[in-house]
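Student: Structure incoming, see below.
Every read-out reported here was derived from the displayed coordinates using simple, explicitly stated rules and does not represent laboratory data. Because the structure is predicted, anything quoted here is derived from the model rather than measured. Here the Cβ positions follow ideal geometry from the backbone for every residue, glycine too, while neighbour counts run over all protein chains shown.
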Amino acid sequence: MLNRNFHDAMNGYFDHNATTPLSASAREAWLAAQSGHWQNPSGLYREAGATRQRLEEAREAFAEILGCEARRIVFNSGATEGCNAVMARAAREAAADAPVFISEIEHPAVRESARKEFGRARVGELPVDSCGVVDLDLAQRMIAESTPALVSVMAANNETGVLQPWRALAEICREHGARFHCDAAQWIGKMPADGFEHCDWVSFSAHKFGGPKGIGVLVVPDDACDPLALLVGGAQESGHRGGTENFPAVAAMLAALQARGGEIDAAGRDAFETGLAESIPGTRIIGADAQRLPNTSMALMPAHGNLKWLTRLSERGFAVSTGSACSAGHGNPSHVMAAMGLSPDEMGRVLRFSGGPETTPGDWEGLASALLEIHVALQDRRRSATKLDLSNL
Ligand code: PLP
């Protein structure tokens with residue numbers, strides 16, 4: 001058995017879509033900001049002014065990355081807060097009977113906040129095809145027919161990694177006078193950020209790309225002059241969100257994103273998938289025919305429940321997931337898999353592997369070897385159990 005010490009080496013960590021370790025750049029930026037610029041940015045003395053200036057420079061830097069005006073950038077606690085804020089504002093502005101459209105595969109941060117703010121009856125779901133991609137033609141028809149108050153579609157799915165036609169949807173919404181929100185939690189830091197300036201709302205979390213937990217960005221519409229005021233208190237973040245700004249976390253988030261640079265190379269993941277299909281016949285990669293994030297692989301294993309695989313992988317120093325971090329551990333069947341037509345039995349055999357920028361092709365090979373080792377061991381156990389049964393006849 002491969003006896004790897006997970007705590008000593010991060011190369012068995014294949015759950016980056018759930019969260020990532022703090023990157024070295026982020027840690028350095030956080031320490032520098034926390035020791036040099038810890039003052040309250042609202043203070044009127046020189047040091048506080050310097051912190052304020054750096055905070056605004058960070059806002060400018062995010063605006064440049066996202067191609068929008070700095071006044072549209074609001075720092076908050078992350079994607080869940082952002083999604084809740086978008087739904088609350090959309091519901092407040094919507095006509096009494098106007099629906100909100102979300103895709104069938106949205107994260108609970110979007111799904112649950114839409115249901116809370118609009119009520120289940122007003123939440124329409126845009127269908128996905130068997131690859132897990134939102135059906136653009138159907139979406140266009142639904143948007144044209146109903147003129148929803150808001151359309152919310154993620155940039156990339158957290159479970160499958162399948163990319164969504166969010167740029168096209170933003171355009172369709174513009175044509176039909178509907179607001180568009182993009183949950184970019186899985187996209188930012190993994191894919192180029194161009195196009196987000198055309199979305200009314202964009203939300204994401206730093207901890208998905210090497211930044212700290214509890215900090216994120218919400219891009220607000222350019223014409224939202226009326227402050228969101230979701231957290232009332234001080235007039236921070238232009239009145240959108242009260243509370244002392246967390247400049248060290250903002251600095252660390254920016255450093256993490258800048259350190260990400262280009263796209264993650266998909267070569268290791270691709271070779272892993274090819275090898276897995278050969279070594280464990282009957283394995284199917286979910287969403288393989290669609291464009292996907294380069295770090296994500298969702299495999300439908302030919303036999304045995306996913307928890308059997310997960311615990312044996314964990315013993316060997318590999319951290320993987322049975323789906324999204326929020327539904328895994330709660331035993332809930334995945335609404336994403338259901339929308340893609342998987343049966344309950346198939347959903348119980350799904351494993352998600354998500355690497356990071358530091359994951360090497362060798363790490364992916366190590367994961368494939370461990371899976372094969374477990375496959376052989378589980379087959380042997382099944383064979384001996386059958387023999388035992390027969391000998392009892
Ligand atoms: N949206 C997507 C697509 C996600 O994957 C996640 C987290 O997994 C979230 C939203 C919520 O992010 P957070 O838990 O950082 O608020």
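Student: Would you mind computing Rg(Cα) / (2.2 N^0.38 Å) for the stretch 206-336, counting N as its residues? Let's see the in-between values first.
Tutor: On the way: Rg = 20.5 Å, N = 131, 2.2 N^0.38 = 14.0 Å.
Taking N as the residue count of the stretch 206-336, the ratio is 1.46.
Student: How far apart, in nanometres, would the label points at Ala303 and Ser35 be if each is projected 7 angstrom from Cα along the Cα-to-Cβ direction?
Tutor: 5.8
Student: Just from the alpha-carbon atoms, what are the Rg and Dmax of the stretch 1-130 in angstroms?
Tutor: Looking at the stretch 1-130, its Cα Rg and Dmax stand at 20.9, 62 Å.
Student: Place a +1 charge on the Cβ of each Lys and Arg in the stretch 201-306 and a -1 charge on the Cβ of each Asp and Glu, then give the dipole magnitude about the Cα centre in debye, rounded to the nearest 20. Provide the component values of the computation, followed by the final result.
Tutor: On the way: 7 positive and 11 negative charges, 74 e Å.
Using Cβ point charges on Lys, Arg, Asp and Glu, the stretch 201-306 gives about 360 debye.
Student: Let me know the Kirkwood hydrodynamic radius for the stretch 47-115, please, with Cα pairs as the basis and the value in Å to one decimal.
Tutor: Mean inverse Cα-Cα distance, inverted, gives 14.4 Å.
Student: Under 17 Å from a point placed 7 Å out from the Cα of Ala96 along the Cα-to-Cβ direction: which residues of the stretch 102-136 have their backbone N that close?
Tutor: 118-119, 121-122
Student: Follow-up. Where does the stretch 74-184 land on Rg/Rh, using Cα atoms and the Kirkwood Rh?
Tutor: Using only Cα positions, Rg/Rh for the stretch 74-184 is 0.93.
Student: Normalized C-alpha radius of gyration of the stretch 6-69, against 2.2 N^0.38 Å? Walk me through the numbers on the way to the answer.
Tutor: Details: Rg = 16.4 Å, N = 64, 2.2 N^0.38 = 10.7 Å.
Ratio of Rg to 2.2 N^0.38 Å for the stretch 6-69: 1.54.
Student: Now, a different point. Between Ser369 and Glu346, what length in nm is gained on full extension when 0.36 nm per residue of separation is reduced by their alpha carbon distance?
Tutor: Full extension of this stretch gives 6.0 nm more.
Student: Let me ask something else about it. I'd like to know which of Pro221, Gly261, Ala206 lies farthest towards the positive end of the charge dipole of the stretch 152-296, counting +1 on Cβ of Lys and Arg and -1 on Cβ of Asp and Glu.
Tutor: Looking along the dipole axis, the top candidate is Ala206.
Student: Now, a different point. When the Kirkwood hydrodynamic radius is evaluated over all pairs of different C-alpha atoms of the chain, what value in angstrom, to one decimal, is obtained?
Tutor: 22.3
Student: Any chance you could check the Cα centroid distance between the stretch 42-56 and the stretch 282-296 for me, in angstrom?
Tutor: One Cα centre to the other: 47 Å.
Student: What distance in nm separates the two pseudo spin-label positions at Asp289 and Ala50, each 7 Å out from Cα along the beta-carbon direction?
Tutor: 6.0
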